[in-house]
Amino acid sequence: MSQLNPPVARRRRRKPLIAASGPVRNATDILLIILGSFITALAFNMFLLPNRIASGGVSGLSIVGEELFRLEPAYTQWAMNIPLFIAGVLLLGKKYGLRSLLGSIMLPLFVYVTREWAVPTTNPLLASLYGGIGVGLGLGTVFRGRGSTGGLAILAQIIHKYTGFSLSLCVMLMDGTVITLAGFTLSPERALYALIGLFVTGKVIDALEMGLSYSKVAYIISNQKETITQAILQDLDRGLTELAGRGGYTNEERPVLMVVVGQNEITRLKRLVRSVDPEAFVIISNTREVLGEGFKKES
């Protein structure tokens, strides 16, 4: 396998706006955790709590606690988050440091501070959708700050460590238990709305983590390999990789060119390849995340 790169002089390296480490990055992480906790609390108080949508986690348990015992949700969350955080430190190690502790404290604090804010809707479907979006935005922001809001995610990791079950299964078990409990204490219908909110939350977190835009990866098989390579390097200003391939029918070696381009460049790439070799075989597919020169820099 050989690597073909564009001339270095053609690309200007951009300096990152924020250093990968150091006090600036640490301060940015803390601000992201605080902001994400605030957004999550706002979505909880404006959509999920007033409509009794317990979509998993300690927040969902706090809704059940208020329904059954009239407990203030913020107090319930504090009462559960702090012991779970301590258990995480003792059983999982010191990786649950300042950032996880900060989220475990700030989220219930913001839930308490914003508990009297106006409720925009009493429609449970709208509440589950917008509550899920808000929680996803908040948690995704916290994750971007390399933190967490603690809660049942820590318990899921403890179960994962000591049982060997996959982490995703443990998280599903935790959230599923909360939603099932909500189905018995609130109503089966509210549990179904909670599933919608949980699904939306996951999709929004994925979008924040992976990005909304798709890049394209193209695999090109052509007898005009050298000409296409030079056209992509010079006209499209993209690097590419030559993969070793072999025809399944002819058993002949057939090099495969792999190139990753942005969404807005795919039409230019197809036209360029067709102009060189109308008989070229081209496979194009989506790719969710690309890190490296000319694309996103990993933070």
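The values are calculated or read from the model by the stated rules, or taken from the named source; none is laboratory data. What you see is a predicted model; the values in this text were computed from it and never measured. Cβ sites come from the backbone with ideal geometry, for glycine too, and all protein chains shown count toward neighbours. Please note that ligands, DNA and RNA were not included when accessible areas were found on the heavy atoms of the full protein model with its side chains. Shrake-Rupley method; radii C 1.70, N 1.55, O 1.52, S 1.80 Å.
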Those residues of the range 132-156 which are of a type in the set (Gly, Ala, Ser) and in a helix (DSSP H, G or I), in sequence order: Gly132, Gly134, Gly136, Gly138, Gly140, Ala153, Ala156
Enumeration of residues in the range 187-215 that are open to solvent by 40 Å² or more (accessible area, probe 1.4 Å), of a type in the set (A, V, I, L, M) and either in contact with a His (Cβ under 7 Å, 6 or more places away or on another chain) or touching a residue at least 24 places away in the same chain (Cβ under 8 Å) (or both): Leu195, Ile196, Leu198, Leu208, Met210
Failed condition for Glu67, given (1) assigned to a helix (DSSP H, G or I); (2) farther than 19 Å from Leu198 by Cβ; (3) open to solvent by 40 Å² or more (accessible area, probe 1.4 Å): (2)
Selection status of Gly140, within 24 Å of Ile196 (Cα to Cα) and not charged (D, E, K, R): yes
Residue tally, condition small (Gly, Ala, Ser) and either open to solvent by less than 20 Å² (accessible area, probe 1.4 Å) or at positive phi (or both), over the range 226-244: 1
Members of the range 41-75 that are closer than 16 Å to Thr114 by Cβ and touching a Ser or Thr at 6+ places or on another chain (Cβ under 6 Å): Ala41, Leu42, Phe44, Asn45, Ser62, Pro73
Considering residues of the range 138-161 that are touching a residue at least 60 places away in the same chain (Cβ under 8 Å) and farther than 27 Å from Leu31 by Cβ only, the residue least open to solvent (accessible area, probe 1.4 Å): Ile158
Pick from the range 173-186, criterion polar (S, T, N, Q) and in contact with a helix residue (DSSP H, G or I) (Cβ under 8 Å, 6 or more places away or on another chain), ranking: surrounded by the fewest Cβ atoms within 10 Å (Cβ to Cβ): Thr180
Residue satisfying condition, being crowded, with 20+ Cβ neighbours inside 10 Å and touching a residue at least 40 places away in the same chain (Cβ under 8 Å), within set Leu125, Leu129, Leu107: Leu107
Residue within the range 157-167 that is basic (Lys, Arg) and in a loop (DSSP other than H, G, I, E, B) present: no
Residue identified as of a type in the set (S, T, N, Q), over 25 Å from Phe199 (Cα atoms), modelled with pLDDT under 95 and in a helix (DSSP H, G or I) among Asn81, Asn26: Asn26
Residue among Asn251, Asn286, Asn223 that alone is more than 26 Å from Lys203 (Cα to Cα), touching a residue at least 40 places away in the same chain (Cβ under 8 Å) and not in a helix (DSSP H, G or I): Asn223
Test: Ala87 is at pLDDT 95 or above, small (Gly, Ala, Ser) and closer than 30 Å to Phe184 by Cβ: no
Residue within the range 163-172 that is closer than 16 Å to Gly88 by Cα, surrounded by fewer than 15 Cβ atoms within 10 Å (Cβ to Cβ) and over 20 Å from the mean Cα position of the chain (by Cα) present: yes
